[in-house]
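Below is one structure, written out as structure tokens, with a few remarks after it.
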Amino acid sequence: MNKLGFQIFFIFILSFKIFASGRLADRHINDFLEENGINEDYSTSSLHHLITTLQMMKTDPLYKKDGPQLFLDYALKLASKIDRYKNSEDKEMAFTLAKRIIFTVRANEINQGGIPPFKDLFSIPFQLRSSIPYLNLSDRNNILGDDAENEANFLTSPSLPQRYVSKDEMRKMSAWQISKLDVKMGHPAWRSKIEMSHDKSDYWKKLENWNENEIWRNYKNKDGQNVEKYKIEKYKIEKARRVLMIDKIKDSATAPKITAVDSYGEKWKVKWGLEIQTTALASRLYIKLGGRYADLSYANSKGRNQLILVLEDPKKTGNCEAINSYSLLRHCLLISHYKFDIEYYTLEKGLITENNFNEVLFNLAQSGSKNFSKKSLIGRTYLVFKESLVELQSKNTQERGGPSSTDVIGATRDRVARSMMLFDMWIWNYDAKDDNNRSAIVHNFYPGVEKYFVEYPHDLGASLGSLGKSGLINYLKEGERFARYSKIKHSKIIFKQLVLYRPKAWAKITYADGLWMAEKIAGISNRDLRIIAQESHWPDFLQEAFIRKMAVRRDQIATLFNLHIEDPKKDYIKNFGVDLSTSQLREKWATHYQINPQTLENILLKNKKINSQGSKKYIDWPMIEGKISSCKESVIINLIEKTSIPTGISRRVTRMKDDTGLPPCLFKGI
């Protein structure tokens, strides 16, 4: 079998699993809507049937839980106001949004496993490439005429943000002019240019502040909670996430994870494996470009000051539902569907005692709860990890919904859904399936708005690497191996990156849609990338490799779309050397990278890179010409992989073998 045939076969197997695994999307939503008299486009009759269907769903035992009821109530309230809108586009948008809520509720509750539709399997060989129509500088200024029918709906002019631009008006516009149009303010997934121009603050920080304020508002209003008397600390994410108490092992998706709670009782997800750093990086890139909402996720490096996980009370009967010892946690993760060995990620384990509780739990936020005081945790096992990810999932701030469709109910006509293709190509998110896009109803998100419906990419971890190996920065391609022009049949920009699932919205992307997103990507500065890179907690040289790679790919996208590059100085580095010539320098760098100085000394002596007299010069090169060196070539990388980053640096552990850890690696030097 040749390389292309192997790729197609490999994609076929993986895609079959994705399509058949269930709860990825509501494949029967169109049939359901049609059977209930709800048409694709708004009409008075369809609206009546929509309201009737929502009321019917509210009485269905399948949707009796609080979450589905909240979403259905939201959709009913939205639908009840549609006839009051004067503008037909506003009616159509609200009508579509209510149907999308039906989708997310159904897709979250109905298991849809089974054999994938033949048409989905037939499309698998075409997932090796993605393309966007290309127009040169002169053609993009030509009037579109009837081709305007292919453009996205519900676009507005930044100068008149309350008025929609009609298709008749678009017929008299060029692709360049249409790219300057924007989504309307209030779009569930994206902030408009007007919104972003009015708020220049750090939007990620704004999301954090909103979460903190909403959690604190609910917490201090609990049953006579006296924050002054008990000296309760105001809720701060930075402090609250540092000490978590285990809840249970999750049983979804492929990355190993558990749920836990902080000292205020707020729910967190704790995650290990390949997507630790990529989730934190990609979600911040999405928010920086203009995304409205994201799960607040944080990568942790090793050490007590990062994350301490406290296990259940040892007085309880231990089992996989009440994990009260390290051996039990390890066993339960190994027999779970993850088949994951936590041993490779564990840095320290011990008991909280009368003598050490202040030292171990120095980061425990003082919530006033007796169940989460330092003394109440004496006798429990605590764990410290080499690397981990935590993600806030507070019920006080949001009600999480189901998948958000990238295929149906307006997705193919939505500029954001279409142009996300370019963002996903930039970060190489190879798994953009519906189940990795989610909805939520957030509480008091904006002043005077009690409930607000949002849609967002909920899991961007399968990115910034290669298929099955997230975070493998060397594998992010450049030049024609990343993207190129093609004039076969039609002029296109072709991205040579495999994806496992191609949203149908991508097939409808126009040059104007792509240009709209390309301008946003081109506007990301190297300084922005540097700030975001720090959130990975990767070693400095790996952060530099990420910055350079994303900047090069950004600049290539800008060039392909004939855009000005905002950051022409290229203030990123291609080579990163570590001088290990003297014992003082070796001590310095060992401290910097948190590796054992004696181990570093011994391995260099053994490989004759230095001598006992200290007269031999040696420089280690973790990065050369923008490429991360292997663990055989760089002693720094070799030791960091063994002590701090079990997922790997220039190589990555595979999902199928994360119960065995990285294979041994013998340093030889360059």
Can you tell me which condition K193 does not meet? The list is (1) modelled with pLDDT under 95; (2) over 28 Å from G523 (Cβ atoms), and all the others hold. (2)
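Could you tell me whether the range 432-440 includes any residue that is farther than 30 Å from I493 by Cβ and of a type outside the set (A, V, I, L, M)? Show your work before the answer.
Our first condition is that a residue be farther than 30 Å from I493 by Cβ; within the range 432-440, this holds for 439-440.
When the remaining residues are screened for being of a type outside the set (A, V, I, L, M), the result is 439.
Yes, because at least one residue in the range 432-440 is farther than 30 Å from I493 by Cβ and of a type outside the set (A, V, I, L, M).
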Can you name every residue in the range 627-645 that is buried (at least 22 other Cβ atoms within 10 Å of the Cβ) and part of a loop (DSSP other than H, G, I, E, B)? S629, C631, S634, I645
Does any residue of the range 183-199 turn out to be exposed (fewer than 13 other Cβ atoms within 10 Å of the Cβ) and among the basic types (K, R)? no
So which residues in the range 489-515 are closer than 18 Å to A432 by Cβ and part of a helix (DSSP H, G or I)? K504, A505, W506, A507, K508, D513, G514
Of all residues in the range 378-417, which are under 24 Å from N358 (Cβ atoms), of a type outside the set (V, I, T) and in contact with an Asp or Glu (Cβ under 9 Å, 6 or more places away or on another chain)? G379, R380, Y382, L383, F385
Filter the range 457-488 down to the residues that are part of a strand (DSSP E or B) and either among the basic types (K, R) or on the phi > 0 side of the Ramachandran plot (or both), then identify the one that is modelled with the lowest pLDDT. K469
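Look at the range 597-622 and say how many of its residues are assigned to a loop (DSSP other than H, G, I, E, B) and either at pLDDT 95 or above or not assigned by TED's automatic domain parsing to the domain that holds K642 (or both).
0
Each row is one residue, and each column tells you yes or no for (1) among the acidic types (D, E); (2) in contact (Cβ under 8 Å) with a residue 12 or more places away in the chain; (3) touching a strand residue (DSSP E or B) at 6+ places or on another chain (Cβ under 7 Å).
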{"site": "I308", "(1), (2), (3)": "no, yes, yes"}
{"site": "K315", "(1), (2), (3)": "no, yes, no"}
{"site": "C320", "(1), (2), (3)": "no, yes, yes"}
{"site": "H331", "(1), (2), (3)": "no, no, no"}
{"site": "E343", "(1), (2), (3)": "yes, yes, no"}
{"site": "E348", "(1), (2), (3)": "yes, yes, yes"}
{"site": "K370", "(1), (2), (3)": "no, no, no"}
{"site": "S373", "(1), (2), (3)": "no, no, no"}
{"site": "I378", "(1), (2), (3)": "no, yes, no"}
Out of the range 484-530, which residues are out of contact with any Lys or Arg (no Cβ under 7 Å at 6 or more places or on another chain), of a type in the set (S, T, Y) and more than 20 Å from E149 (Cβ to Cβ)? Y485, S525
Look through the range 137-182, keep the residues that are loosely packed, with under 15 Cβ neighbours inside 10 Å and hydroxyl-bearing (S, T, Y), and return whichever of them is nearest to N562 (Cα to Cα). S138
State all residues of the range 237-289 that are polar (S, T, N, Q), out of contact with any Pro (no Cβ under 8 Å at 6 or more places or on another chain) and either in contact (Cβ under 8 Å) with a residue 60 or more places away in the chain or closer than 25 Å to W190 by Cβ (or both); if no residue qualifies, say none. T254, T259, S263, Q277, T278, T279
Quick check on the range 50-72: of everything there that is of a type outside the set (A, V, I, L, M, F, W, C) and surrounded by fewer than 15 Cβ atoms within 10 Å (Cβ to Cβ), which residue is farthest from E109 (Cα to Cα)? T52
Out of everything in the range 206-222 that is closer than 14 Å to K395 by Cβ and touching a Phe, Trp or Tyr at 6+ places or on another chain (Cβ under 6 Å), what residue ends up being surrounded by the most Cβ atoms within 10 Å (Cβ to Cβ)? I215
Testing V578 on (1) within 25 Å of D459 (Cα to Cα); (2) touching a residue at least 12 places away in the same chain (Cβ under 8 Å), one condition comes back false. Which one is that? (1)
What's the total number of residues in the range 151-175 that are in a helix (DSSP H, G or I) and either of a type in the set (D, E, K, R) or under 23 Å from A558 (Cα atoms) (or both)? 4
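Look through the range 423-464, keep the residues that are β-branched (V, I, T) and out of contact with any Leu (no Cβ under 7 Å at 6 or more places or on another chain), and return whichever of them is farthest from A25 (Cα to Cα).
Checking each candidate, the answer is V449.
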Do you know which of the residues in the range 548-568 that are among the hydrophobic types (A, V, I, L, M, F, W, C) and surrounded by 22 or more Cβ atoms within 10 Å (Cβ to Cβ) is farthest from A483 (Cα to Cα)? M550
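The values are calculated or read from the model by the stated rules, or taken from the named source; none is laboratory data. Worth saying up front: this structure is predicted, and the values here are computed from it rather than measured. Every residue, glycine among them, receives a Cβ derived from its backbone with ideal geometry; neighbour counts consider all protein chains shown.
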